[in-house]
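Chemist: Take a look at this one; I'll ask things after.
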Amino acid sequence: ISKGHTTIMKSASMFQPKEGKHIQSSELCATCHTLFTQALDAQGKAIGELPEQVPYQEWLHSDYKATHSCQSCHMPVVKEEVPITSVLGEPRAGFSRHTFVGGNFFMQRILNRFRSDLSVTAPPQEMSAAVNRTIAHLQSEAAKVAVQNVDIRNGRLEAGISVENLGGHKLPTAYPSRRTWLHVTVRDGNGKALFDSGALNPNGSIQGNDNDGDANRFEPHYAEITRADQVQIYETVMVGSDGVVTTGLLTALRYVKDNRLLPRGFDKRTADKDVAVHGEAEGDGDFTAGGDLIRYSVAVGDAQGPFQVEAELWYQPIAYRWAMNLKKYNAPEPKRFVGYYEETATGSAVMLAHAAASR
């Protein structure tokens, strides 16, 4: 940078610009996006620690650490040369857009919808553009789905659904309210639905999900699904010292389920405890680095084909139970948030990927 450029910057802002190579390192992102939460007992004494958000550590245990930085995905490089200052700006290559694309389009929608209540100053069109950028990033960079080996045997349709994680950390990652799941349908030759697992309800809950129906239960990880009330949900489930399922980060002591999709190169056998797989997925040989393969076995009886199998991978930044558990608190802040959630629940999730096959 020339002396003239730096002089103008200092006279306008009182800061002298200098190049900092650390701004391009994943470790910079890790300083804010690594969070361990202390679990407290009834007297407020710390009794344990939970790895609440560790996307950097997940990335370290993947192949991406050698090929992709956090910035390469979340701050995409501008392809052409561009001037980065309006005064004496010269076209330069290698600069990134300051869009900081993440995964929580739903909070962006809430901020835009209730902008007066929340004192949002960004223009509505800018907030909408941010939502669209986030969703576009998720739908192009997050995952792929495929329907494999569809067959009919003994009155049952057998199929494999594969899900591939395209990111450099678990999917979903970071704040534990996030979940991804499969919505799978089977229709006969007349288009009649014979099987429907994982449909999203208008209130933000998932049909068949035990946790959405009962705060003390949760849906396990499945290697095979045979009933419509079984849903493959990739998520974390926390419990407190009493072993009861919770969404309270100040009481959560450990994960009893963590089957979030693993990035390529992630070895669940050697993973550190902070990024470990928990629950049935730990012993599932088809739940491996880069994704998961689930078998679906559906009774079709005497129905006539050709049968159509459709698989959709959905994503929700704030799961239904995480919002509904706030209802018991008689305070203005949780009451407001639950109200916001209920009014916008139809827009709480988006489909990331889709695949279909017939037999």
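The values are calculated or read from the model by the stated rules, or taken from the named source; none is laboratory data. Source: prediction; values computed, not measured. Cβ atoms come from the backbone with ideal geometry, glycine included; neighbour counts cover every protein chain shown. Just the protein is used for accessible areas: all its heavy atoms, side chains included, with ligands, DNA and RNA removed. Shrake-Rupley method; radii C 1.70, N 1.55, O 1.52, S 1.80 Å.
Chemist: Being more than 22 Å from Y64 (Cβ to Cβ), acidic (D, E) and touching a helix residue (DSSP H, G or I) at 6+ places or on another chain (Cβ under 7 Å) is true for just one of D188, D212. Which residue is that?
Modeler: D212
Chemist: Quick one: E19 ticks every box in (1) outside any strand (DSSP E or B); (2) among the acidic types (D, E); (3) surrounded by 11 or more Cβ atoms within 10 Å (Cβ to Cβ) bar one, so which box is it?
Modeler: (3)
Chemist: For the stretch 84-105, name all the residues that are over 24 Å from V350 (Cα atoms), at pLDDT 80 or above and either touching a Cys at 6+ places or on another chain (Cβ under 7 Å) or of a type in the set (A, V, I, L, M) (or both).
Modeler: A93
Chemist: Of the residues that make up the stretch 88-105, is at least one part of a helix (DSSP H, G or I) and either in contact (Cβ under 8 Å) with a residue 60 or more places away in the chain or more than 25 Å from A319 (Cα to Cα) (or both)?
Modeler: Yes, the stretch 88-105 contains at least one residue that is part of a helix (DSSP H, G or I) and either in contact (Cβ under 8 Å) with a residue 60 or more places away in the chain or more than 25 Å from A319 (Cα to Cα) (or both).
Chemist: If you scan the stretch 30-72, which residues turn out to be in contact (Cβ under 8 Å) with a residue 12 or more places away in the chain and among the charged types (D, E, K, R)?
Modeler: D41, E49, E52, E58, D63, K65, listed by residue number.
Chemist: Can you name the residue in the stretch 266-299 that is small (G, A, S) and within 30 Å of D188 (Cβ to Cβ) and is also surrounded by the most Cβ atoms within 10 Å (Cβ to Cβ) among such residues? Quick ask: steps written out before the conclusion?
Modeler: The initial filter retains those residues of the stretch 266-299 that are small (G, A, S), namely 271, 276, 279, 281, 283, 285, 289-291, 297, 299.
Next cut, within 30 Å of D188 (Cβ to Cβ) only: 291, 297, 299.
Values: G291: 21, S297: 14, A299: 14.
Going through the qualifying residues, I end up with G291.
Chemist: Sticking with this structure for a sec: Which residue pairs have Cβ atoms closer than 7 Å, lie 6 or more positions apart in sequence or on different chains, and pair a first residue in the stretch 275-302 that is on the phi < 0 side of the Ramachandran plot and part of a strand (DSSP E or B) with a second residue that is open to solvent by 50 Å² or more (accessible area, probe 1.4 Å) and of a type in the set (K, R)?
Modeler: S297/R156; V298/R156; A299/R156
Chemist: What are the residues in the stretch 243-265 that are over 21 Å from D210 (Cβ atoms), touching a helix residue (DSSP H, G or I) at 6+ places or on another chain (Cβ under 7 Å) and open to solvent by less than 20 Å² (accessible area, probe 1.4 Å), if any?
Modeler: Once the filter is applied, which keeps residues that are over 21 Å from D210 (Cβ atoms), touching a helix residue (DSSP H, G or I) at 6+ places or on another chain (Cβ under 7 Å) and open to solvent by less than 20 Å² (accessible area, probe 1.4 Å), the stretch 243-265 yields only P263.
Chemist: So which of V131, V150, V120 is over 23 Å from the mean Cα position of the chain (by Cα) and within 27 Å of L249 (Cβ to Cβ)? Spell out the reasoning first.
Modeler: Numbers: V131 fails: over 23 Å from the mean Cα position of the chain (by Cα); V150 fails: within 27 Å of L249 (Cβ to Cβ).
Answer to the selection: V120.
Chemist: Between a residue in the stretch 332-357 that is over 25 Å from A136 (Cα atoms) and β-branched (V, I, T) and any residue that is at pLDDT 95 or above and in a helix (DSSP H, G or I), which pairs come within a Cβ distance under 8 Å, given they are 6 or more apart or on different chains?
Modeler: From residues that are over 25 Å from A136 (Cα atoms) and β-branched (V, I, T), the pairs are V338/A323; V338/M324; V338/L326; V338/K327.
Chemist: Can you find even one residue in the stretch 322-342 that is modelled with pLDDT of 95 or more, closer than 24 Å to V163 by Cα and within 26 Å of the chain's Cα centre (by Cα)?
Modeler: no
Quick grid of which residues meet (1) without any contact (Cβ under 8 Å) to a residue 40 or more places away in the chain; (2) within 20 Å of the chain's Cα centre (by Cα):
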| site | (1), (2) |
| --- | --- |
| D229 | yes, no |
| T236 | no, yes |
| G240 | no, no |
| G243 | yes, no |
| T251 | no, no |
| Y255 | no, yes |
| R264 | no, yes |
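Chemist: Name the residues in the stretch 306-359 that are open to solvent by 40 Å² or more (accessible area, probe 1.4 Å), aliphatic (A, V, I, L, M) and closer than 23 Å to D188 by Cα, would you?
Modeler: A356
Here's the yes/no breakdown for (1) farther than 30 Å from V237 by Cα; (2) in contact with a helix residue (DSSP H, G or I) (Cβ under 9 Å, 6 or more places away or on another chain); (3) among the small types (G, A, S):
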position	(1), (2), (3)
S26	no, yes, yes
K65	no, yes, no
P76	yes, yes, no
A93	yes, no, yes
Q108	no, yes, no
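Chemist: Which residues, taken from the stretch 30-68, are open to solvent by 30 Å² or more (accessible area, probe 1.4 Å), among the hydrophobic types (A, V, I, L, M, F, W, C), over 16 Å from P172 (Cβ atoms) and part of a strand (DSSP E or B)?
Modeler: Listed by number, the residues that qualify are F36, L40, A46, I47.
Chemist: So, T173, is that one touching a Lys or Arg at 6+ places or on another chain (Cβ under 9 Å), farther than 23 Å from R260 by Cα and hydroxyl-bearing (S, T, Y) or not?
Modeler: no
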